[in-house]
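The values are calculated or read from the model by the stated rules, or taken from the named source; none is laboratory data. Keep in mind that this is a model prediction, so the values were computed, not measured. Here Cβ is always computed from backbone atoms with ideal geometry, including for glycine, and neighbour counts include all displayed protein chains. In case anyone asks, the SASA skips ligands and DNA or RNA and just uses the protein heavy atoms, side chains included. Shrake-Rupley method; radii C 1.70, N 1.55, O 1.52, S 1.80 Å.
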Amino acid sequence: MGSAAVAAAPVQAASPNLIVNGGFEDGLASWFANDGNASDTATLSTTTDAYSGTGAVLVTNRSTTGSGPMQNLSGKVQAGKTYLVTARVKYENANSPATKQFFITMHYGGSTYTNLGTVTVPRGQWGLIQGTFTIPAGQNVSTARIFVETPWTANPSTAPDTHLMDFKVDDVTLQEYVVSKTIEVVGKLPGEHNPLIGHKFGADGFGFVHDGRVYLYMTNDTQGYAPNPATGVSPGINYGDINQITVISSTDLVNWTDHGEIQVAGPNGVAPFTGNSWAPGIAKKVVNGEEKFFLYYANGGGSSNVITGESPLGPWTSERTSTLINGSTPGAEDVAWKFDPAPLVDDDGQAYLYFGGGPASTSMPPVERFNNPKNIRSIKLGENMIATEGRAPVVDAPVAFEAGHVFKREGKYYLSYSSHFGGNDFGGNQPRVPGYPGGGQIGYMISDNPMSWPKETYAGVLFPNQSQFFGAGTGGNNHQSVFEFEGKFYFTYHAPTLNKRINGNTTQGYRSPHIQELTFNPDGTIQQVVGDYAGVNQVRNFNPYRVFEAETVGWSKGIATGKVDSASAEFGTPTPNLVVRDIDEGDWTALSAVDFGADGAASVTATVRALAADASIEVRLDSASGPVVGTIPVDTPTGEWAQVTADLQGATGVHDVYFTYRGPAGDDLFEIDSWAFEAVPPLDLSVVADTRCVGEMVMVTVRAANNEAIHVTASATSAYGTRPFGSVPPAKEKFRSFPTGTAAVPAGEVTVTATATVDGEPKSASYKASYAARSCG
Ligand SMILES: [Ca+2]
Ligand SMILES: [Ca+2]
Ligand SMILES: [Ca+2]
């Protein structure tokens, strides 16, 4: 599988065009010749020589370089805000220069003019004027007007072909510059399992298993992502922006639920005495009879800290009021970067923390600084998990840089770490010990003692630099973890593969989580991991017959997720709940390997919040253009959460399921909180409940029709007891009644359960039938 270079994708979620009739499809409406000075006269007329559509404006009889089409923006633009401006322009005068510069200019009033955007265009061709500008705070915008002009000169009439040529303008836009983080490209390709998610970034993933589910905690690389609305390209990543940890989870390693971000650090963080939250690591332990979850993270390069959770999804509290690892930690004084904390709870309950990295001590000889920089530490954690015990001995990891992590297998401890890229901080260009890691690789060591890591425990390179597998634009540091899930070991790492799919080989450092399986040799050493987009096999098929979060996604296009206050239907309170947002016509989300069973799905229900009329959700099999097995109309009141349902036809067996979103182009269509599929009952009975009067008393009745070709045993239960039907013959129906002993009953429900043996297999099903309130007498 390759990653074809993809051109920069401008963000689609555009803010409205503030220009009226910018395409001149409505003649000259809202346009007039620049009237800033009495001398700036010109004649505007329409022309059918348009850049797009059927109309454009032609400017003739220009008297000054400022003579051009103008539109009034008073009341539309605001001081302090940033805008994007574009326009198409063309000139054709054969006596004019071969190229000519044009401007879009703002006239704020008086003598205040600002060029907003420009282009130099060859004669006879449409050029694109573009610009981004911020109106200064305090600027009076009460008479703001924009116009198109040529560069100013004092006496243009001395060379009119050079300065006063006719020109045409079309497609003028001026929009507020609104940064959208929505990933518009398909960042995780259908069929592939890496990167794990395609709608956001995440780095330094730490895999953690609890209760049959794998959680991945990540540095929130999306936090500072700010793609330019015009180009789609973000400035490079700034780690200093990051004070949140992103959490996703899965029971199959392909369909991942987005649990959003934990606001760990910063003024509103769980631990407001920390400013950053990089490179998380988590462990669980029963403390004072209570199972707790301890989330460690790097507070920038200078220290590390821990917060405490009631579950893997929180809620989170800070038991500390100062950092856990810092310059006062015994044995860590010489560690340049007291970060990347990775916990391990041993089988005997003793917990350890691994941390550290960065430039080696200058007291060492250069060769040692390069090969054995002694910048990583191990330390014991106290019983409460939120304090250290004793001194932190050196982990003498060869060529170490950062990212120490330990797991245990068959009585042995494995410490992996990332290697440095050389340079003066590590003693300059020194001879590398044969077999030691190259730059930006993952090395590992094997020890019998979790606190003893001499250089002799080095075992080799576990993972080369990711750029070896993912090519140009994917180099840089890495950060790994290893977890065991249902008998297999898995290796997590990151690579800027989603960034590459957005921007081609010129990436900006935004990293994405990946997983590969880890294979051991008979002697306990690890086979070097090969990174690829295929990733790991899906551990199990996806069970659709339950309520599950819509933010559970195998693959997606064009959507975003966001936290809401309502409870998670699947995970309960007080865990975070997200919804799928930024749903436009043509966007989709998909689930991998959904098992509908032999009888198939009867219906699907979505919890949605409608935002536009005439929207719907198509349920498709196997691809975004696959067969439609049902269409859910999203026709509930706008702005309110509601449930919408559709019957399904042909959804049987195992398929990838695509929810494709339909509605008016340009509108946000709806948000989705959760999905639930209903199975076709394994036995086909029709059940009807009713009431009738017997004298002055109400009788609840139920009729069960057996549509099977075999005998079925059934019984009915209501608020008034249980009545067996006994055996119902094929194609026959039976009737039972419940005397209520009262003259009036509220509306209610009767449940019929049925069992039969089909092809030697026992089958059972239950059906509900409701009846209305009834009053007799
Ligand atoms: Ca036009
Ligand atoms: Ca979208
Ligand atoms: Ca949800």
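Of all residues being open to solvent by 50 Å² or more (accessible area, probe 1.4 Å) and of a type outside the set (Asp, Glu) in region 149-161, which is farthest from ligand 3 (Cβ to nearest atom)? Just the residue, please.
First pass over region 149-161, keeping only residues open to solvent by 50 Å² or more (accessible area, probe 1.4 Å): 152, 154-155, 157-158, 160-161.
Then keep just the ones that are of a type outside the set (Asp, Glu); that gives 152, 154-155, 157-158, 160.
Details: Trp152: 57, Ala154: 65, Asn155: 67, Ser157: 67, Thr158: 69, Pro160: 65 Å.
Among those that are open to solvent by 50 Å² or more (accessible area, probe 1.4 Å) and of a type outside the set (Asp, Glu), it is Thr158.
Which ones in region 487-527 are among the small types (Gly, Ala, Ser) and open to solvent by less than 30 Å² (accessible area, probe 1.4 Å)? Quick ask: steps written out before the conclusion?
The first filter runs over region 487-527 and keeps only residues among the small types (Gly, Ala, Ser), leaving 487, 495, 504, 509, 512, 524.
The answer is Ala495, Gly504, Gly509, Ser512, Gly524.
Only one of these is more than 25 Å from Phe339 (Cα to Cα) and either away from ligand 1 (no atom under 16 Å from the Cβ) or out of contact with any helix residue (DSSP H, G or I) (no Cβ under 6 Å at 6 or more places or on another chain) (or both): Thr492, Thr474, Thr552. Name it.
Working: Thr492 fails: more than 25 Å from Phe339 (Cα to Cα); Thr474 fails: more than 25 Å from Phe339 (Cα to Cα).
Result: Thr552 is the single residue among Thr492, Thr474, Thr552 that is more than 25 Å from Phe339 (Cα to Cα) and either away from ligand 1 (no atom under 16 Å from the Cβ) or out of contact with any helix residue (DSSP H, G or I) (no Cβ under 6 Å at 6 or more places or on another chain) (or both).
Enumerate the pairs (first residue in region 341-363 and without any contact (Cβ under 8 Å) to a residue 24 or more places away in the chain and more than 14 Å from Tyr413 (Cα to Cα); second residue anywhere and part of a loop (DSSP other than H, G, I, E, B) and of a type in the set (Lys, Arg)) with beta-carbon separation below 8 Å, excluding pairs fewer than 6 apart on the same chain, so at least 6 apart or on different chains.
Between residues of region 341-363 that are without any contact (Cβ under 8 Å) to a residue 24 or more places away in the chain and more than 14 Å from Tyr413 (Cα to Cα) and residues that are part of a loop (DSSP other than H, G, I, E, B) and of a type in the set (Lys, Arg), there is no close pair.
Six or more apart or on different chains, Cβ atoms under 8 Å: show the pairs whose first residue is in region 231-246 and closer than 22 Å to Gly266 by Cα and without any contact (Cβ under 8 Å) to a residue 24 or more places away in the chain and whose second is part of a loop (DSSP other than H, G, I, E, B) and small (Gly, Ala, Ser).
That search, which allows pairs on different chains as well, returns Asn238/Gly224; Asp241/Gly224.
If you scan region 455-486, which residues turn out to be assigned to a helix (DSSP H, G or I) and surrounded by fewer than 18 Cβ atoms within 10 Å (Cβ to Cβ)?
Our first condition is that a residue be assigned to a helix (DSSP H, G or I); within region 455-486, this holds for 455-457, 467-470.
Of everything in region 455-486, those that are assigned to a helix (DSSP H, G or I) and surrounded by fewer than 18 Cβ atoms within 10 Å (Cβ to Cβ) turn out to be Lys455, Glu456, Ser467, Gln468.
With respect to Asp614, determine if the residue is of a type in the set (D, E, K, R) and surrounded by fewer than 17 Cβ atoms within 10 Å (Cβ to Cβ). Outline the logic, then answer.
Working: of a type in the set (D, E, K, R): yes; surrounded by fewer than 17 Cβ atoms within 10 Å (Cβ to Cβ): yes.
Against the criterion (of a type in the set (D, E, K, R) and surrounded by fewer than 17 Cβ atoms within 10 Å (Cβ to Cβ)), Asp614 qualifies.
Going residue by residue through region 68-79, is there one that turns out to be under 23 Å from Asp161 (Cβ atoms) and either modelled with pLDDT under 95 or in a loop (DSSP other than H, G, I, E, B) (or both)?
Initially, region 68-79 is screened for residues under 23 Å from Asp161 (Cβ atoms), giving 68-69.
Among the residues that remain, those that are also either modelled with pLDDT under 95 or in a loop (DSSP other than H, G, I, E, B) (or both) are: 68.
The answer is yes; a qualifying residue exists.
Going through region 184-227 one residue at a time, which ones are assigned to a loop (DSSP other than H, G, I, E, B), more than 15 Å from the chain's Cα centre (by Cα) and under 20 Å from Ala283 (Cβ atoms)?
Within region 184-227, Asp211, Gly212 qualify.
Of the residues in region 127-139, how many are more than 16 Å from Phe103 (Cβ to Cβ) and either crowded, with 19+ Cβ neighbours inside 10 Å or without any contact (Cβ under 8 Å) to a residue 40 or more places away in the chain (or both)?
First pass over region 127-139, keeping only residues more than 16 Å from Phe103 (Cβ to Cβ): 134-139.
Next, from what is left, pick out any that are either crowded, with 19+ Cβ neighbours inside 10 Å or without any contact (Cβ under 8 Å) to a residue 40 or more places away in the chain (or both): 135.
Qualifying residue count, region 127-139: 1.
Would it be correct to say that Arg62 is among the basic types (Lys, Arg) and either closer than 30 Å to Arg501 by Cα or without any contact (Cβ under 8 Å) to a residue 40 or more places away in the chain (or both)?
Numbers: among the basic types (Lys, Arg): yes; either closer than 30 Å to Arg501 by Cα or without any contact (Cβ under 8 Å) to a residue 40 or more places away in the chain (or both): no.
Answer is no for this residue.
From the list Val539, Val594, which one is β-branched (Val, Ile, Thr), away from ligand 3 (no atom under 16 Å from the Cβ) and part of a loop (DSSP other than H, G, I, E, B)? Don't jump to the end; show me each part of the working.
Working: Val594 fails: part of a loop (DSSP other than H, G, I, E, B).
Only one candidate passes the filter, namely Val539.
Here is a list: Gly358, Gly349. Which entry is in a loop (DSSP other than H, G, I, E, B), at positive phi and surrounded by 16 or more Cβ atoms within 10 Å (Cβ to Cβ)?
Criteria check complete, one pass: Gly358.
Testing Ile146 on (1) farther than 16 Å from Val85 by Cα; (2) crowded, with 17+ Cβ neighbours inside 10 Å, one condition comes back false. Which one is that?
Ile146 satisfies every listed condition except (1).
Name the single residue that is farthest from the chain's Cα centre (by Cα) among those in region 55-101 being open to solvent by less than 40 Å² (accessible area, probe 1.4 Å), among the charged types (D, E, K, R) and away from ligand 1 (no atom under 16 Å from the Cβ).
Among them, the one singled out is Arg62.
If you go through region 106-120 one residue at a time, do you hit one that is assigned to a loop (DSSP other than H, G, I, E, B), free of Cβ contacts under 8 Å to residues at least 12 places away in the same chain and loosely packed, with under 14 Cβ neighbours inside 10 Å?
Filtering region 106-120 for residues assigned to a loop (DSSP other than H, G, I, E, B) gives 110-111.
Adding the requirement that they be free of Cβ contacts under 8 Å to residues at least 12 places away in the same chain leaves 110-111.
Pick out the ones that are also loosely packed, with under 14 Cβ neighbours inside 10 Å and you get 110-111.
Yes, because at least one residue in region 106-120 is assigned to a loop (DSSP other than H, G, I, E, B), free of Cβ contacts under 8 Å to residues at least 12 places away in the same chain and loosely packed, with under 14 Cβ neighbours inside 10 Å.
Just checking, how many residues over region 559-573 are more than 22 Å from Leu611 (Cβ to Cβ) and in contact with an Asp or Glu (Cβ under 8 Å, 6 or more places away or on another chain)? Even if it seems obvious, please write down each step before you answer.
Just the residues of region 559-573 that are more than 22 Å from Leu611 (Cβ to Cβ), to begin with: 570-573.
So of that shortlist, the ones also in contact with an Asp or Glu (Cβ under 8 Å, 6 or more places away or on another chain) come out as 570-571.
Total satisfying the criteria: 2.
Would you be able to tell me the number of residues in region 593-611 that are of a type outside the set (D, E, K, R) and open to solvent by 10 Å² or more (accessible area, probe 1.4 Å)?
Keep residues of region 593-611 that are of a type outside the set (D, E, K, R), which gives 593-594, 596-598, 600-608, 610-611.
If we keep only those that are open to solvent by 10 Å² or more (accessible area, probe 1.4 Å) too, we end up with 593, 597-598, 602-603, 605, 607, 611.
Within region 593-611, residues that are of a type outside the set (D, E, K, R) and open to solvent by 10 Å² or more (accessible area, probe 1.4 Å) number 8.
Could you tell me which residue of region 543-591 is farthest from Phe489 (Cα to Cα), considering only residues that are away from ligand 3 (no atom under 16 Å from the Cβ) and part of a strand (DSSP E or B)?
If we take residues in region 543-591 being away from ligand 3 (no atom under 16 Å from the Cβ) and part of a strand (DSSP E or B), then Trp588 is farthest from Phe489 (Cα to Cα).
Has region 229-240 got at least one residue that is open to solvent by 10 Å² or more (accessible area, probe 1.4 Å), under 23 Å from Ser418 (Cα atoms) and in a helix (DSSP H, G or I)? Working first, answer last.
Let us first name the residues in region 229-240 that are open to solvent by 10 Å² or more (accessible area, probe 1.4 Å), namely 229-231, 233, 235-240.
Right, trim to under 23 Å from Ser418 (Cα atoms) and you get 236-240.
Filter once more, so that each one left must be in a helix (DSSP H, G or I): 239-240.
Within region 229-240, one or more residues are open to solvent by 10 Å² or more (accessible area, probe 1.4 Å), under 23 Å from Ser418 (Cα atoms) and in a helix (DSSP H, G or I).
Pull up region 36-54, narrow it to residues that are on the phi < 0 side of the Ramachandran plot and touching a residue at least 40 places away in the same chain (Cβ under 8 Å), then point me to the one that is most open to solvent (accessible area, probe 1.4 Å). Explain how you work it out, then say what you get.
The initial filter retains those residues of region 36-54 that are on the phi < 0 side of the Ramachandran plot, namely 36-52, 54.
If we keep only those that are touching a residue at least 40 places away in the same chain (Cβ under 8 Å) as well, we get 36, 47, 49-52.
Values: Gly36: 24, Thr47: 23, Asp49: 46, Ala50: 22, Tyr51: 97, Ser52: 43 Å².
For region 36-54, the residue satisfying everything is Tyr51.
For region 664-777, which fully contained strands (runs of 3 or more DSSP E) count at least 2 residues that are small (Gly, Ala, Ser), touching a residue at least 24 places away in the same chain (Cβ under 8 Å) and open to solvent by 20 Å² or more (accessible area, probe 1.4 Å)?
Working: elements: 670-679, 685-694, 697-706, 712-718, 721-728, 733-739, 748-758, 761-771.
Output list reads 670-679, 761-771.
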